Amino acid sequence: MRPLLLVDVDGVLNPFGRATPDFRRYECKIGDQVYTVHLNWRHGARLLELALRTRAQLVWATTWEEHANEWIAPRLGLPELPVIPLAPGPKSPSVAAYVRGRPFVWFDDQIWEADEEYLRGHQGVGEFLLVPVEPRRGLTSRHLETAAEWLTLSGFSQGP
């Protein structure tokens, strides 16, 4: 089974801390709301490289839902990605329903012990790695390497 790379936006690709020079500011209009995001185009290239290297599928796991394909993906050079439809409340039940036994890595700034307990105890959830991201800093190379190592060592990455 092809593994999944689940990616959140706010706090992961759009950090809450002071933007460094490699981030660019964008204003995104969704309905009547205007959101300011700071995105680093390198994140898109690094996520694509990770997906290719590990033969994993990138998937949005964000409250942006389909709006991530409209506003975030093009600014990061990502193709349109599948989206996990999120029910109100914690994301873990929606993630559990989506993965259907496929191994996955989940990059999120709001992953709690309760999420891990829920996923480990939920029938139909296979092997997974939760990668907590510090929301003021966002996604780093270390997060991506951690994911690559886990997918490779666990045998989920089928390699070239």
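The values are calculated or read from the model by the stated rules, or taken from the named source; none is laboratory data. Note that the structure is predicted; figures quoted are calculated from it, not measured. As a convention, Cβ positions derive from the backbone with ideal geometry for all residues, glycine included, and neighbour counts pool all protein chains shown. Keep in mind that these areas ignore ligands, DNA and RNA; they rest on the heavy atoms of the full protein, side chains included. Shrake-Rupley method; radii C 1.70, N 1.55, O 1.52, S 1.80 Å.
Between Met1 and Arg25, the contour length at 0.36 nm per residue exceeds the alpha carbon distance by 4.9 nm.
Restricting to the stretch 1-79, what percent of DSSP beta bridges are antiparallel, rounded to 5? Intermediate values should be presented prior to the final figure.
On the way: 7 of 12 bridges.
Once the DSSP bridges in the stretch 1-79 are tallied, antiparallel ones form about 60 percent.
Compute the normalised compactness of the stretch 81-142: alpha-carbon radius of gyration over 2.2 N^0.38 Å, N being the residue count.
1.12
Computed with a 1.4 Å probe on the full set of protein chains, the accessible area for Asp32 sits at about 150 Å².
When nucleic acids and ligands are ignored and a 1.4 Å probe is applied, Glu49 ends up with an accessible area of around 90 Å². What number, in percent, do you get for the relative contact order of the chain if the mean sequence gap of Cα pairs under 8 Å and at least 6 apart is divided by its residue count? Relative contact order here is 32 percent. A Förster radius of 22 Å combined with the Cβ-Cβ distance from Glu113 to Thr140 puts the calculated FRET efficiency at roughly 0.50. A cut-off of 5 Å between modelled amide H atoms, ignoring neighbours fewer than 5 places along the same chain, links Asn40 with Arg24. Helix content alone sets the calculated 222 nm mean residue ellipticity of the chain: runs of n ≥ 4 DSSP H residues at -39500 (n - 2.57) each, divided across all residues, give -8500 deg cm²/dmol.
Expressed per residue, the C-alpha convex hull volume of the chain stands at 108 Å³.
For the pair the stretch 1-44 / the stretch 87-160, the C-alpha centres are spaced 18 Å from each other. Accessible surface computed residue by residue for the chain, with neighbouring protein chains in place and a 1.4 Å probe, gives 54 Å² per residue. The apolar share of the surface of the chain, taken as the fraction of accessible area on carbon and sulfur atoms (1.4 Å probe, ligands and nucleic acids excluded), comes to 51 percent.
Per residue, the convex hull spanned by the alpha carbons of the stretch 1-44 comes to 95 Å³.
Less than 5 angstrom separates the built amide H of Leu4 from those of Gln57, Phe104, Val105, all sequence-distant by 5 or more or on a different chain. The accessible-area ordering, largest first, of the residues His43, His67, His143 stands as His67, His143, His43, per a 1.4 angstrom probe.
The order of Trp60, Trp150, Trp41 by accessible area, most exposed first and with a 1.4 Å probe, is Trp41, Trp150, Trp60.
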